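*Asks:* Pasting a structure below so you can have a look.
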Amino acid sequence: MKKYVYIIIILIIFIPTYALTSLYEKSHVQKTIYVVSMTPDEMSSGLSDGKIAGFISWEPYPAKAVADGYGRYLVNSKDIWNNHPECVMAVSEYLKDEDTIKALVWVHIKSTRFINDPANREKVLEYGSEFTGVDRTAASAAINNTVYIEFPDMNEMKTGFEILSKAGGFKKDITSLGYSYEDDFLSSLIQDKYYIEIRNKLDADPNWTPTAVNGSLRFGLIHNDIHSLGIYVAQKEGYFEKVGLIPDKNIFFSNFRNGMAITNAFTQREVDVAVFGASPVLRYAINDNGKIHIISGVNTGGTSLVVRADSDIHSLDELNGSTIATPGFGSIQDVIMRKMFEGFEIKTV
């Protein structure tokens, strides 16, 4: 009889312990996301055809997928990573004229403040639709998801640097470039002196305009990227002309497919200034010893993860085992994806 009592006692102790252990183990099962590299147009087709479960891209491609009915927003980058790095304005070190750099910063601040002024909302929507080629509904969603800024958050730039470094995005250690630590490198790469000077003058007098400059500039942009809306606004509102830069006369704009194409153009000295992602700037400066400086921020937010509208996916965890697309390793969308999927195993396919 005692033997059976002992067995029952053991079972009473063992079964709950086993059940709790099993639950614990199940709750810590490794989640996995599969990531494929695609262009934004390929992402749109892949999501529409069901070849991928979702994609992470710059706006307005997510907004267009939603407006066209086959996509649904799951996460916007600003909601999971406040003040995260996104696009910046960078100039070649070969651009030596400080008055020209100050003029570019002035143009950027003026256009950013124009976008952020609620009184200009209808004009901004019109410009957004014209610039990207999407309708006003999609343009409105894309602009609402994007936060237009004047200068990047240095702490979050450092976080982006660390995420990219952990992912193996850098071929060199910054010490090989003569920097002793991350802050030293970032402070050299990101120059705030022009922004501080121009911001202070505009804060004191919103109508202040710098002296018009001479010379010729080549300006690079990523095609159909709502993040660069400020450059289009500056053209439409005449800000470039006010500092002596006349489109198609002494300032020329070129579209590129992604940030890597822009860094290649910098290497070939085909552009003097460009707006593109912060992480390609970081990789270019470290991996290729790129002669480049960041002189202003452009935006945060404005990168979104969309899934199929008819899917049952309503959280990041429900994408476990699924395949999503990004513009490619080392892009700012790739860095944001790694922040989104912290705790997941990320497998490239």
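The values are calculated or read from the model by the stated rules, or taken from the named source; none is laboratory data. As the structure is a prediction and not an experimental result, all values here were calculated from the model. A quick note on method: Cβ atoms are made from the backbone with ideal geometry, for glycine too, and the neighbour counts reach across all protein chains shown.
One line per residue, one yes/no per condition, for (1) under 23 Å from residue 46 (Cβ atoms); (2) assigned to a helix (DSSP H, G or I):
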position: 282; (1), (2): no, yes
position: 286; (1), (2): no, yes
position: 296; (1), (2): no, no
position: 304; (1), (2): yes, no
position: 307; (1), (2): yes, no
position: 310; (1), (2): yes, no
position: 335; (1), (2): yes, yes
position: 338; (1), (2): yes, yes
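*Asks:* From the list 99, 41, pick out the single residue that is charged (D, E, K, R) and assigned by TED's automatic domain parsing to the domain that holds residue 342.
*Replies:* Numbers: 99 fails: assigned by TED's automatic domain parsing to the domain that holds residue 342.
From the options 99, 41, the qualifying one is 41.
*Asks:* Residue 244 - would you say it is closer than 30 Å to residue 267 by Cβ and assigned to a loop (DSSP other than H, G, I, E, B)?
*Replies:* Answer is yes for this residue.
*Asks:* Does residue 46 fit the bill of being over 27 Å from residue 155 (Cα atoms), touching a residue at least 12 places away in the same chain (Cβ under 8 Å), in a loop (DSSP other than H, G, I, E, B) and not assigned by TED's automatic domain parsing to the domain that holds residue 202?
*Replies:* Working: over 27 Å from residue 155 (Cα atoms): yes; touching a residue at least 12 places away in the same chain (Cβ under 8 Å): yes; in a loop (DSSP other than H, G, I, E, B): no; not assigned by TED's automatic domain parsing to the domain that holds residue 202: yes.
Against the criterion (over 27 Å from residue 155 (Cα atoms), touching a residue at least 12 places away in the same chain (Cβ under 8 Å), in a loop (DSSP other than H, G, I, E, B) and not assigned by TED's automatic domain parsing to the domain that holds residue 202), residue 46 does not qualify.
*Asks:* Please go through the range 41-58 and give me each residue that is within 20 Å of residue 341 (Cβ to Cβ) and surrounded by 18 or more Cβ atoms within 10 Å (Cβ to Cβ), ordered by number.
*Replies:* The answer is 43, 46, 47, 52, 53, 54, 55, 56, 57, 58.
*Asks:* Can you pull out every residue in the range 259-280 that is in contact (Cβ under 8 Å) with a residue 12 or more places away in the chain, in a loop (DSSP other than H, G, I, E, B) and surrounded by fewer than 21 Cβ atoms within 10 Å (Cβ to Cβ)?
*Replies:* Within the range 259-280, the subset in contact (Cβ under 8 Å) with a residue 12 or more places away in the chain is 259-260, 262-263, 265-267, 269-280.
Keeping just the survivors that are in a loop (DSSP other than H, G, I, E, B) gives 269-272.
Those that are in contact (Cβ under 8 Å) with a residue 12 or more places away in the chain, in a loop (DSSP other than H, G, I, E, B) and surrounded by fewer than 21 Cβ atoms within 10 Å (Cβ to Cβ): 269, 270.
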